[in-house]
Amino acid sequence: MPVVANYSLQAHNTMALPCRAAGFFTLRNDHDLDVLLETLHGQWRAQPLLILGGGSNVLLLEDFPGLVVHPGQRDIELLADHDNEVLLRVGAGRNWHDLVEWSVGRGYHGLQNLALIPGLCGAAPIQNIGAYGVEFSDCCVQVELCDLASGQCFALQRDDCEFHYRHSIFKTARARNWLVTAITLRLQHQAEPKLDYPGLRAALQQQNPGDCSTTDSASAHSPAAIAAAVCRLRRSKLPDPARLGNCGSFFKNPLVDAQQLHSLLAKAPQMPHWPVADSTAPGHSKLSAGWLIEQCGWKGRRRGAAGVHSQHALVLVNHGGASGMDIWQLACDIRSSVAERFGLVLEPEPVIIPTQN
Ligand SMILES: Cc1cc2nc3c(=O)[nH]c(=O)nc-3n(C[C@H](O)[C@H](O)[C@H](O)COP(=O)(O)OP(=O)(O)OC[C@H]3O[C@@H](n4cnc5c(N)ncnc54)[C@H](O)[C@@H]3O)c2cc1C
C-alpha cells in the first residue's frame, strides 16, 4: 500500500510541529507517479492535497486532513558539458544543499551563494530561493511538472516561470495541483563570482587571510571557497533547525515605491533600504523586515514556547512544544505592531497551511 495512514509530519517540517497527515505518499520514481495519479483518482479523490518537500518553508497550523505527497527522486543527470556550459537535470527529491556541494565539488559556478538553504530541489523554483545576491532563477533553464489533477506532464522554460523576489508562477492559483518533478540548471566552468552582498567578501578574506582584493586568486574565489564562506556566515546568523525549530525568515522584506520610501525616511531616517534589482519593480526599494520587527521591540521575545530569535528578529522559533497556532498568533501580533508603527503590512514568507488571511 503506497499510502501510509495517520503519518507524523514532525520530522518533515523544520518548525518541528507535531502535526499528522491523514495519508503520506513518497514518490521515488516515474512508476510511483503513475501509482500516485491512480491513488488520487481512487480513495483519495476530492481529498485535500499537499506537496511537502523538506518542510522548511511551511507553517502547519493543524493536522492535515488529506494526502501529503513527498518527492523522493534524487538523480542528478549531466545533460551537456561543452565550452563553458554545464547542463544538469536534478530530481525534485534531491536535497538542495547536497546539490550545491555536489556542484561546487566539481568546480561548477552558479550555486555557491545558495549554499545551506534547507529543503529539496523541487521547492527551489516555488519561491525562487535566493541568498547573497543570487536567486534560483539565475541558473534555471526549465522546470518539469505534473498536473496532479489532469495527470498531464509538461515543462516550463525559465521565462515562463514568472520569477520575481520570493515569487513564481508556482505560487499562483493556476499551479495549485502542479508537482515539480525535476529542474534543469545551467552552470559554468568559469564565471565572475558574485560577492557584492554585504559581508561576503570579508568572510572570504577571513577564510583566506593571505588573499587581498587586488590579487584575487582563482582558488580563493572558487565556487567551493565561496560556498564555504556562505555556510560560515549563515551558521553564524541563523539557528540550525535541527537544534531550534524555525522556518528561516518568517516575513518577506517589504518593497516600497519612491514616495513611500520618502515618507518612511522622514519618520525614521535611519531605516535601512536598498534599490531592487528586479525589473518588474522599477524605482522600488527593499526594506529590512528584520529591522522593522526589531524596532517594535520583538527581538528575543518569547511567548510560551513560541519566540523571536535573539540574534535575528526575522526568525520565529519553536523553543519546544509550541503549536503552529502559537507561532501564527505571535506572527500576527508582530505584523500588527509593525503595521501600527510604520504603516507597512508584512507578508509571511512560509506557506501557511491551511491558508490564513
Ligand atoms: C534556517 C532556514 C534558512 C532559510 N534560508 C533561506 C534563504 O536564504 N533563502 C530562501 O529563499 N529561503 C530560505 N529558507 C526557506 C526554505 O529553505 C526554502 O523556501 C526551500 O526552498 C523550501 O524547500 P522545502 O523542500 O523545505 O519546501 P517545503 O517547505 O516542503 O514546501 C514549500 C512550498 O513549496 C511547495 N513544494 C515543495 N516541493 C514541491 C514540489 N516538488 N512541487 C510543487 N510544490 C512543491 C509546498 O507545497 C509548499 O507550498 C530557509 C529556511 C530555513 C529553515
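The values are calculated or read from the model by the stated rules, or taken from the named source; none is laboratory data. Please read all numbers here as calculations on a predicted model, not as lab measurements. Counting neighbours? That spans all protein chains shown, and the Cβs are built from the backbone with ideal geometry, glycine included. We work out accessible area using only protein heavy atoms, side chains counted, and drop any ligands, DNA or RNA first. Shrake-Rupley method; radii C 1.70, N 1.55, O 1.52, S 1.80 Å.
Touching a His at 6+ places or on another chain (Cβ under 6 Å) and either of a type in the set (Asp, Glu) or at pLDDT 95 or above (or both) - does that describe any residue in segment 106-125? Checked against the condition, which is being touching a His at 6+ places or on another chain (Cβ under 6 Å) and either of a type in the set (Asp, Glu) or at pLDDT 95 or above (or both), segment 106-125 yields at least one hit. With respect to (1) surrounded by fewer than 18 Cβ atoms within 10 Å (Cβ to Cβ); (2) under 20 Å from residue 171 (Cα atoms); (3) free of Cβ contacts under 8 Å to residues at least 40 places away in the same chain; (4) of a type outside the set (Ser, Thr, Tyr), the lone exception for residue 138 is condition (1).
Determine whether residue 86 is surrounded by 21 or more Cβ atoms within 10 Å (Cβ to Cβ) and within 15 Å of the ligand (Cβ to nearest atom). Considered against the rule, which asks whether it is surrounded by 21 or more Cβ atoms within 10 Å (Cβ to Cβ) and within 15 Å of the ligand (Cβ to nearest atom), residue 86 comes out as no. Take residue 183 and decide whether it is in contact with a Cys (Cβ under 8 Å, 6 or more places away or on another chain) and surrounded by 18 or more Cβ atoms within 10 Å (Cβ to Cβ). So residue 183 fits the description; yes.
Looking across 154, 163, one residue alone is within 13 Å of the ligand (Cβ to nearest atom) and over 20 Å from residue 229 (Cα atoms). It is 163.
Check whether at least one residue in segment 148-171 is modelled with pLDDT of 95 or more and touching a Lys or Arg at 6+ places or on another chain (Cβ under 6 Å), and report yes or no. No; the residues of segment 148-171 include none that is modelled with pLDDT of 95 or more and touching a Lys or Arg at 6+ places or on another chain (Cβ under 6 Å).
Is it true that some residue in segment 320-328 is closer than 20 Å to residue 253 by Cα, hydrophobic (A, V, I, L, M, F, W, C) and either more than 16 Å from the ligand (Cβ to nearest atom) or in the same structural domain as residue 172 (by TED's automatic domain parsing) (or both)? No. Identify the residue in segment 298-316 that is in contact with a strand residue (DSSP E or B) (Cβ under 8 Å, 6 or more places away or on another chain) and in a strand (DSSP E or B) and, among all such residues, is nearest to residue 327 (Cα to Cα). Only one residue fits best here, namely 306. Residues that are in contact with a Ser or Thr (Cβ under 8 Å, 6 or more places away or on another chain), small (Gly, Ala, Ser) and open to solvent by less than 20 Å² (accessible area, probe 1.4 Å) within segment 94-132 comprise 119, 122, listed in sequence order. Across segment 173-199, which residue is farthest from the ligand (Cβ to nearest atom) among those that are in contact with a Phe, Trp or Tyr (Cβ under 9 Å, 6 or more places away or on another chain) and more than 18 Å from residue 115 (Cβ to Cβ)? Filtering segment 173-199 for residues that are in contact with a Phe, Trp or Tyr (Cβ under 9 Å, 6 or more places away or on another chain) and more than 18 Å from residue 115 (Cβ to Cβ), the one farthest from the ligand (Cβ to nearest atom) comes out as 189. The sole residue among 98, 81 that is of a type in the set (Asp, Glu), assigned by TED's automatic domain parsing to the domain that holds residue 199, more than 17 Å from the chain's Cα centre (by Cα) and over 20 Å from residue 197 (Cα atoms) is 81.
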